[in-house]
């Protein structure tokens, strides 16, 4: 049976979520939180607004997520040195270490999923998915 692309995307995402959910729990993370950690690692200290934009969520939702992550020691909020009205979110060592463990798990699942793919096929798949994401209105930041 040949499945539609959207069906294959949904089914693959579902398998990935089922595989990764226990890994999130083991690391003390919730869905969406690794994306925050990755943004902070890659971009350095950010405002809550920047994080909300990067994660494609409402600012109120990012505020709740940051509250939980700060309580768990993954990040800390500080006053912005250049603008006292704006806060800055910074990654902690625990957040950095936890993200590294998370990415190990993600890489293991990706390696399993891409068994038998050539390097060129993997690059093409990445390009195709990136283009489809942008076509659907997503922003790869």
Q: Would you confirm whether any residue within the range 87-100 is over 19 Å from residue 65 (Cα atoms), free of Cβ contacts under 8 Å to residues at least 60 places away in the same chain and out of contact with any helix residue (DSSP H, G or I) (no Cβ under 7 Å at 6 or more places or on another chain)?
A: yes
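For residues in the range 29-52 being on the phi < 0 side of the Ramachandran plot and out of contact with any helix residue (DSSP H, G or I) (no Cβ under 9 Å at 6 or more places or on another chain), which is surrounded by the most Cβ atoms within 10 Å (Cβ to Cβ)? Explain how you work it out, then say what you get.
Looking only at the range 29-52, we keep the residues that are on the phi < 0 side of the Ramachandran plot, and these are 29-31, 33-43, 45-52.
In the following step, the residues that additionally are out of contact with any helix residue (DSSP H, G or I) (no Cβ under 9 Å at 6 or more places or on another chain) were identified as 42, 45, 47.
On the way: 42: 11, 45: 17, 47: 15.
Looking at the filtered set, the residue picked out is 45.
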Q) What do you reckon, is residue 73 under 19 Å from residue 26 (Cβ atoms), part of a loop (DSSP other than H, G, I, E, B) and modelled with pLDDT of 95 or more? A) yes
Q: Output yes when any residue across the range 15-24 is within 16 Å of the chain's Cα centre (by Cα), within 23 Å of residue 89 (Cα to Cα) and surrounded by fewer than 13 Cβ atoms within 10 Å (Cβ to Cβ), and no when none is.
A: no
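The values are calculated or read from the model by the stated rules, or taken from the named source; none is laboratory data. These figures come from a predicted structure and were not determined experimentally. Please note: Cβ atoms are built from the backbone with ideal geometry, for glycine as well, and neighbour counts cover all protein chains shown.
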